[in-house]
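Every number in this text was worked out from the coordinates using simple rules, so none of it is lab data. Just so we're clear, the structure is a prediction, and the values are computed from it rather than from any experiment. Every residue, glycine as well, gets a Cβ built from its backbone with ideal geometry; the counts of neighbours run over all protein chains shown.
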Amino acid sequence: MLNQIYKTIKKYDTIVIARHIGVDPDAMASQIALRDAILLTFPKKKVYAVGSGSSKFSYLGKLDKLEDLKDEKLLIVLDTPDKRRVDGVDVDSFADSIKIDHHPFMEKFCELELIDDTASSTCQLIIDLIYHTKLKMNTEIAGKLFLGLVSDSNRFLFQNSTEHTFRLVADLLRDYHLDIVSLYQDLYMRPLHEVRLQGYIAQNMIVTDHGVGYIKLTSDIISKFQADAGSAGNMVNNFNYIEEVLVWATISEDKKNNIIKVNIRSRGPQINHVAEKYNGGGHALASGARVPTMEEAEQLIEDLDSVCEQYLK
Ligand code: AMP
């Protein structure tokens, strides 16, 4: 499969690399790293990494504006299990398409699909692709892939951080002498007001009877801490390993987009099926959903509580 992907990449002069809406470091690092690896290997190709960016992840590099391309082009979709969440392109307007993803399978929408939901991250799959084909890498590309992998595995906390994951990271360290202290600084540095919001979440988290910890963050609270709904929701990653909490969620009101974003994590019960019921999805133990009202968010929390109750039985 990796060779088939390489051959398809080799065949096209124009390539567009897309990923899911609501960009995160794994999605963005994988598309920028793959773009740069293709350009390093085939300098004459035109390769675009597209989709809405976030200034928070500017250390990963710049995304591209999609020009009006007349030539036959290849689409590569990364880190996205379903067509409706592909950001910034019309999937059906391409001559050929490849999907590379580590989410549980949802639907086939590309010609060639490499899906491995046991991989820690899409960046891990891109590292494999580059090491097993004639694609080239350099220190900068390796650093980005390292960051995406570290971010999506939450610093190797999840079960999908396997022997293979650690071996690939060891290969990157050996071959590209990564300065991990400086890379971690890019990924984890945050302003004091975000840490204060984290303190607010810890102080005010509600825990249900069966171990769902959640916090409702209205837009007033979020702006009081000078944060935004995205960075507030991301804090869900900082609340693992609390004895009383099996599943935990941040419920963040995004007034600008008139939506309530729910970020959910679990250290046991499978939560993606609950997320799917509420216009969401994701991995077994890390999911997200979008709901129109706080009442619906509360319903989602009740469903999570039932899942925990079943799990505890
Ligand atoms: P997050 O909490 O945003 O880091 O997302 C955790 C996982 O859930 C990621 O794999 C996301 O791609 C996925 N996810 C988040 N929000 C949604 C959504 N609204 N629909 C489908 N998947 C989502």
### Query
So if R0 is 35 Å, what FRET efficiency would HIS273 and LYS70 give, r being the distance between their Cβ atoms, rounded to the nearest 0.05?
0.20
### Message
Starting from 0.36 nm per residue, how many nanometres of slack lie between ALA170 and LEU40 once their C-alpha separation is accounted for?
### Response
44.6 nm
### Task
Net charge near GLU244: determine it from the other residues with C-beta under 15 Å of the C-beta of GLU244, scoring Lys and Arg +1 and Asp and Glu -1.
-2
### Message
Testing the spin-label approximation: label points 7 Å from Cα along Cα→Cβ at PHE105 and LYS10. State their distance in nm.
### Response
2.8 nm
### In sequence order, calculated HN-Hα J values of segment 59-68 (Karplus, 6.51, -1.76, 1.60; Hz; x Gly/Pro)
5, 7, x, 9, 8, 10, 8, 7, 7, 6
### Query
Roughly how tilted is helix 192-204, in degrees to the nearest 10 and between 0 and 90, from the longest Cα axis of the chain?
40 degrees
### Task
Report, in degrees rounded to the nearest 10, the 0 to 90 angle that the Cα long axis of helix 163-176 makes with the longest principal axis of the chain.
50 degrees
### Task
For segment 202-245 and segment 94-136, write down the distance between their C-alpha centroids in whole Å.
32 Å
### Task
Starting from the Cα gyration tensor of segment 1-155, multiply each eigenvalue by 5, take the square root, and state the resulting semi-axes largest first in whole Å.
20, 17, 16
### Ranked packing of 66-78, 26-38, most packed first, by mean Cβ within 10 Å
26-38, 66-78
### Query
Just the Cα atoms of the chain, one point each, no solvent: what log10 I(q)/I(0) does Debye give at q = 0.07, 0.15, 0.16 Å⁻¹?
-0.28, -1.23, -1.36
### Query
If we sort 90-97, 231-238, 135-142 on the protection proxy, mean other Cβ atoms within 10 Å, highest first, what's the order?
231-238, 135-142, 90-97
### Task
Starting with the fewest neighbours, write out PHE225, PHE42, PHE105 ranked by other beta-carbon atoms found within 10 Å of each beta-carbon.
PHE105, PHE42, PHE225
### Task
Please compute the net charge surrounding VAL89, taking Lys and Arg as +1 and Asp and Glu as -1 over other residues with Cβ under 11 Å from its Cβ.
0
### Message
Give me the one-decimal nm value for the distance between modelled label points at TYR241 and TYR184, 7 Å along each residue's Cα-to-Cβ direction.
### Response
1.4 nm
